[in-house]
Amino acid sequence: MRVAPPIELSGPLRKKLLRFSKASNVSIKLCRRSKIILLAADGLNNKTIAEKLGIDQPQVGRWRNRFAQLGLPGIEKDASRPGRITALGPEKESEVIHKTLHTKPRGATHWSRSLMAREVGISETSVGKIWARNGLKPHLHKTFKISNDPKFEEKLCDIVGLYLSPPEKAVVFSCDEKSQIQALDRTQPGLPLKKGRAQTMTRDYKRNGTSSLFSALEVASGKVIAACLKKHRHLEWLKFLKLIERSVEPGKDIHIICDNYATHKHAKVKEWLAKNPRIQVHFTPTSASWLNMVERFFRDITERCIRRGVFHSVSDLEKAILDYIEIHNENPKPFIWTAQASDILEKVKRAKASLLNSQSA
């Protein structure tokens, strides 16, 4: 056990400390410290002194030790403190920035504060400040995909034109399949939402089959035509096209925006489209699903209906999906497309130029 050092006072020193403990012309700090030493000299332990003076025990121990080591000068003044830490020079900051941008640590894909600190011999806090000043975030990354479709510009202008200026006496649909939606049942019941606690859901689940959602989002109104089918072959796509055709009043042309999935270009589909000239299909560029507005609807139905659902069978899943769409169609709100084709093309050109520059660097 640690034992507090004993304090012994000579007569003159005790008188001096007594005067300090009662004088009004000395600092409060010196007055309190004098009382600590006097009580220690009387044989009291640190805990008792702390309780008697209404201060914390570490403070008593600190000044008792200081007096035992240095005598009266040890309590008359505070211990000297280190000055302000010298700021890192520009050379060290340049080294951190260069290594962050142009090198990788051994055995890792990116730098962390601790790895960089060990590499350049500074503190982790200093590394963090340098990164913050220079807008560097090596712990983050973003994904991207640039379309290499040779007809990208042509297809882009065609689809954006349908969004911003749809033809008269025509209906524009954004169509796609959300395939292989799983009917997941949880292995244990979760706890409901309550004040101070989020809803809980077990990570374990049981698969009860899958279904594919075919959706056609009417661009002008926001209404959705949908069907849940077991598979997503050309037969199901053709069946869905016929459903769209029956849903639109005669005399109106139908423009369908869809991706380049093989079933959309099947020979049987092309043959049926040739016999139904009022339906025109517009394909998005490859690797450009973001151009298909129905993807926005799929995100909503996933977040609000599917992801946190508990489905004991495929029929339960399909009923939940169709109920959601029915409620959506009671008060539909269209998604408003605002980006001009020229602005999108300019961004794509800048992205390609950046990639070429980074590859040549």
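The values are calculated or read from the model by the stated rules, or taken from the named source; none is laboratory data. Remember, predicted model here, so these are calculated numbers, not experimental data. Every residue, glycine as well, gets a Cβ built from its backbone with ideal geometry; the counts of neighbours run over all protein chains shown.
Which pairs have Cβ atoms under 7 Å, sit 6 or more apart or on different chains, and link a residue in segment 299-321 that is on the phi < 0 side of the Ramachandran plot to one that is of a type in the set (Phe, Trp, Tyr) and not in a helix (DSSP H, G or I)?
Going by the 7 Å Cβ cut-off, the qualifying pairs are Leu317/Phe311; Ala320/Phe311.
Going through segment 13-30 one residue at a time, which ones are in contact (Cβ under 8 Å) with a residue 12 or more places away in the chain and in contact with a Phe, Trp or Tyr (Cβ under 9 Å, 6 or more places away or on another chain)?
Once the filter is applied, which keeps residues that are in contact (Cβ under 8 Å) with a residue 12 or more places away in the chain and in contact with a Phe, Trp or Tyr (Cβ under 9 Å, 6 or more places away or on another chain), segment 13-30 yields only Leu30.
Starting from residues that are among the hydrophobic types (A, V, I, L, M, F, W, C) and exposed (fewer than 11 other Cβ atoms within 10 Å of the Cβ), keep the ones in segment 1-56 and report whichever is nearest to Gln69 (Cα to Cα).
Within segment 1-56, the first condition is being among the hydrophobic types (A, V, I, L, M, F, W, C), and the residues that meet it are 1, 3-4, 7, 9, 13, 17-18, 20, 23, 26, 28, 30-31, 36-41, 44, 49-50, 53, 55.
Keeping just the survivors that are exposed (fewer than 11 other Cβ atoms within 10 Å of the Cβ) gives 1, 3, 28.
Details: Met1: 20, Val3: 15, Ile28: 22 Å.
Once the filter is applied, the top-ranked residue is Val3.
What are the residues in segment 304-317 that are assigned to a helix (DSSP H, G or I), over 29 Å from Phe144 (Cβ atoms) and β-branched (Val, Ile, Thr), if any?
Answer for segment 304-317, where residues must be assigned to a helix (DSSP H, G or I), over 29 Å from Phe144 (Cβ atoms) and β-branched (Val, Ile, Thr): just Val314.
Tell me yes or no: at least one residue of segment 83-103 is in contact (Cβ under 8 Å) with a residue 40 or more places away in the chain, part of a loop (DSSP other than H, G, I, E, B) and over 22 Å from Arg14 (Cβ atoms).
yes
Taking segment 222-245 on its own, how many of its residues are more than 17 Å from Ile181 (Cβ to Cβ) and either over 32 Å from the mean Cα position of the chain (by Cα) or charged (D, E, K, R) (or both)? Give the steps one after another, and end with the answer.
Filtering segment 222-245 for residues more than 17 Å from Ile181 (Cβ to Cβ) gives 222-223, 225, 234-235, 238-239, 241-245.
Cutting the leftovers down to either over 32 Å from the mean Cα position of the chain (by Cα) or charged (D, E, K, R) (or both) gives us 223, 225, 234-235, 238-239, 241-245.
So the count comes out to 11.
Collect the residues in segment 259-301 that are within 26 Å of the chain's Cα centre (by Cα) and surrounded by 15 or more Cβ atoms within 10 Å (Cβ to Cβ), keeping them in residue-number order. Explain how you work it out, then say what you get.
Just the residues of segment 259-301 that are within 26 Å of the chain's Cα centre (by Cα), to begin with: 287-301.
Result: Ala288, Ser289, Leu291, Asn292, Met293, Val294, Glu295, Phe297, Phe298, Ile301.
State which residue is nearest to Leu213 (Cα to Cα) when the search covers only segment 318-361 and only residues that are of a type in the set (Gly, Ala, Ser) and not in a helix (DSSP H, G or I).
Start the filter on segment 318-361 by keeping residues that are of a type in the set (Gly, Ala, Ser), which leaves 320, 339, 341-342, 351, 353-354, 358, 360-361.
Applying the additional criterion that residues be not in a helix (DSSP H, G or I) yields 339, 361.
Numbers: Ala339: 28, Ala361: 46 Å.
Per the stated criteria, the residue is Ala339.
Kindly establish whether Gly83 is modelled with pLDDT under 90, surrounded by fewer than 15 Cβ atoms within 10 Å (Cβ to Cβ), not basic (Lys, Arg) and not assigned by TED's automatic domain parsing to the domain that holds Thr286.
Values: modelled with pLDDT under 90: yes; surrounded by fewer than 15 Cβ atoms within 10 Å (Cβ to Cβ): yes; not basic (Lys, Arg): yes; not assigned by TED's automatic domain parsing to the domain that holds Thr286: yes.
Against the criterion (modelled with pLDDT under 90, surrounded by fewer than 15 Cβ atoms within 10 Å (Cβ to Cβ), not basic (Lys, Arg) and not assigned by TED's automatic domain parsing to the domain that holds Thr286), Gly83 qualifies.
With the condition being within 30 Å of Arg278 (Cα to Cα) and not assigned by TED's automatic domain parsing to the domain that holds Leu241, I'd like the helices (runs of 4 or more DSSP H) fully within segment 110-229 carrying at least 2 qualifying residues. It would help to see each step written out before you state the result.
Details: elements: 113-120, 124-133, 152-164.
Because the criterion is at least 2 residues that are within 30 Å of Arg278 (Cα to Cα) and not assigned by TED's automatic domain parsing to the domain that holds Leu241, the helices (runs of 4 or more DSSP H) in segment 110-229 that meet it are 152-164.
Name the single residue that is nearest to Lys29 (Cα to Cα) among those in segment 43-70 being touching a residue at least 12 places away in the same chain (Cβ under 8 Å) and of a type in the set (Gly, Ala, Ser).
Ranking the qualifying residues of segment 43-70, first place goes to Gly61.
Among (1) at positive phi; (2) outside the structural domain of Lys230 (by TED's automatic domain parsing), where does Ser287 come up short?
(2)
Out of the residues in segment 108-135 meeting the condition of being among the β-branched types (Val, Ile, Thr) and exposed (fewer than 13 other Cβ atoms within 10 Å of the Cβ), tell me which one is farthest from Glu95 (Cα to Cα).
So in segment 108-135, the residues among the β-branched types (Val, Ile, Thr) come out as 109, 120, 122, 125, 127, 130.
From what's left, exposed (fewer than 13 other Cβ atoms within 10 Å of the Cβ): 109, 125.
Numbers: Thr109: 19, Thr125: 16 Å.
Going through the qualifying residues, I end up with Thr109.
What number goes with the only condition from (1) under 18 Å from Gln57 (Cβ atoms); (2) over 60 Å from the mean Cα position of the chain (by Cα) that Phe20 does not pass?
So the condition that Phe20 fails would be (1).
Using the structure shown, decide if Ala216 is within 19 Å of Glu330 (Cα to Cα), in contact with a Cys (Cβ under 6 Å, 6 or more places away or on another chain) and surrounded by 15 or more Cβ atoms within 10 Å (Cβ to Cβ). First the steps, then the outcome.
Values: within 19 Å of Glu330 (Cα to Cα): yes; in contact with a Cys (Cβ under 6 Å, 6 or more places away or on another chain): yes; surrounded by 15 or more Cβ atoms within 10 Å (Cβ to Cβ): yes.
The answer is yes for Ala216.
Select, from Ile344, Ile321, the only residue that is modelled with pLDDT of 90 or more and hydrophobic (A, V, I, L, M, F, W, C). Break it down stepwise before answering.
Working: Ile344 fails: modelled with pLDDT of 90 or more.
Result: Ile321 is the single residue among Ile344, Ile321 that is modelled with pLDDT of 90 or more and hydrophobic (A, V, I, L, M, F, W, C).
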